[in-house]
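Heads up, the thing below is written out as structure tokens.
The values are calculated or read from the model by the stated rules, or taken from the named source; none is laboratory data. Here the structure is a predicted model, which means the values were calculated and not measured. All accessible areas refer to the heavy atoms of the entire protein, side chains included, with ligands and DNA or RNA removed. Shrake-Rupley method; radii C 1.70, N 1.55, O 1.52, S 1.80 Å.
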Amino acid sequence: MKKLILFFFVFLSYNLFSQTWDFMYNEDFLPIEPYSGGRHEYLRAKNIIAHNDEILICRKGYENVIMIYNQTKKEWRNITLDSIYKTIKGEHSYTKYDFEEIREITFDSKERLWGTTANKILCIFQDTTLVFNQVYNTEKNQFLDITHIRDLKPDKKGNIWAIVDNVVTVPYDPFVSLCKFQDSCFVTVNSQKKVAPFVDGLRLRIAFDNFGKVYHTNSDTLYILENDEVVKKIAIWDLPEGRSYFSSIEIDKNNVVYIMNTNMMLYIIDGDNYYSEDFALKSERLLAPQMKSRAYSYMSLDSNDNVWIIGSITPVLYKFDTNRNWTVIDIPQPETATDDFYYKERIAIDKYGKIWIPAQATLGTFGYGIYIYNSDTTISSVEQPSIETAGLPDVWIRNLYPNPANLNATLTFFLERNVSNECKIEIYNTLGMKVKDITEQ
């Protein structure tokens, strides 16, 4: 009886999964009357999140600065610059244009909406908006101005945390600080001197596990805190194939930590075990050889702890499941799009498992609308190169490159002569179609 050896390749192709996608065009939910210069209103999304049954989108440069879509009612509403400005309590010198670019948004345990501008944190609740532009730096024992906000997240109890740049002006002494909202102000918990250079795709992010620990990244270091004290530091160089800077971090229900660097290398921290996955990185090199495009990538977890990754200008969505298998899903280009590459800004996964991705026509400028992918309809899994030897230990692969493959791939394998007549060797693509039978060769 002949043994079958299968080699699985990722042949990058287009329009394979387009039936699982919906696309919500700007005209479906934005005003269509001409704006200045004869142009219509564009999406200009800066962030997107899912909360309960709603999708919230932060925008830049328009009066309706936060768009909210209710999936049950299938209705849109918005939060305007005026509604934020007019509900600020107390004396202030702000204008409404100080809030025209909301970047990070989230909710706390009291269902208050929190958001950030470049250097302000907002708390929006019913008819009141609170503005925070300072942080109490415990190292300097004084309030310092917030100069930049990196991330804003609620922990498992709904407490609000942020990463902010803050600075002593004389003498000049800049800090990057993890801080927590308590006693009506933000207080630093872990501060480092600001020494990181500007790097495309570098983001400082916060995540929380189920044991109450706080994780946050700063350039090439992951800090783990318990009871507001740093209990562990992990440098990116400590991880397998560790290099560059951290970009995104997510933690699943089993406290497995997923971290992506600025090159789309995925690192996995499972207790004391560290792993790395370079599948998305290699794929992006084929799809976007200019390399810089990979710096603008985003990662999120769904309710089943699958990891979803997207590059900003590449035409695919990556899924990394709990069995450490990769799936590549083609993203169809909008029918009205004229750009060779169309940028995506952030990624959100709702409670139904649908994935929402704002589509930008040019980086950070305009937008076609929103991609919506139903992840329940995923039909193909892409595995790392593997063989079914069925008890033939003298069959092994020496090299398989590149993988993912485009049109050509080099495969080097070894067969003992005494088993060569017992093997049938075939190459299949991810749709189960036979590409080549190389048994006779």
For region 52-66, Karplus couplings with θ = phi - 60° (6.51, -1.76, 1.60), whole Hz, Gly/Pro x: 6, 9, 10, 10, 10, 10, 7, 10, 10, x, 10, 5, 7, 7, 10
How much length would be gained if the chain were fully extended between ASN304 and LYS434, taking 0.36 nm per residue of separation minus their Cα-Cα distance, in nm to one decimal? 43.6 nm
Beyond 12 Å, how much of the Cα-Cα pair distribution for region 121-176 remains, as a whole percent? 70 percent
Rounded, prolate or oblate, given the Cα gyration tensor of region 160-251, with a/c below 1.5 counting as rounded? oblate
Nearby lysines by direct alpha-carbon distance to LYS157 (threshold 16 angstrom, same-chain neighbours under 8 apart not counted): LYS110, LYS180, LYS213, LYS253
Could you compute how much accessible surface ASP82 exposes when probed at 1.4 Å, giving the result in Å² to the nearest 10? 50 Å²
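Taking only protein heavy atoms and a 1.4 Å probe, what accessible area per residue, in Å², does region 112-188 have with all protein chains in place?
For region 112-188, the per-residue accessible area is 44 Å².
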Explain nothing, just the number: relative contact order of region 57-215, from Cα pairs under 8 Å at least 6 residues apart, as a whole percent. 14 percent
How do TYR373, TYR97, TYR25 stack up against each other in accessible area, from largest to smallest, with a 1.4 angstrom probe? TYR97, TYR25, TYR373
Solvent-accessible ranking of THR217, THR147, largest area first, probe 1.4 Å: THR147, THR217
In square angstrom, what is the accessible area per residue of region 203-312 with a 1.4 angstrom probe? 38 Å²
Give the lysines whose C-alpha is closer than 16 Å to that of LYS436, dropping any in the same chain fewer than 8 places away, or say none. LYS424
Please work out the average accessible area per residue across region 36-111, using the 1.4 Å probe convention, and give it in Å². 51 Å²
With all protein chains present, calculate the accessible area of ILE313 using a 1.4 Å probe and round the result to the nearest 10 Å². 10 Å²
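What pairs in LYS89/LYS354; LYS46/LYS194; LYS120/LYS194 have C-alpha atoms more than 29 Å from each other?
Where the Cα-Cα span goes over 29 Å, the pairs concerned are LYS89/LYS354.
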Exposure of THR128 as accessible area (Å², to 10), given a probe of 1.4 Å and all protein chains: 40 Å²
Sequence of TRP308, TRP237 from largest to smallest accessible area, 1.4 Å probe: TRP237, TRP308
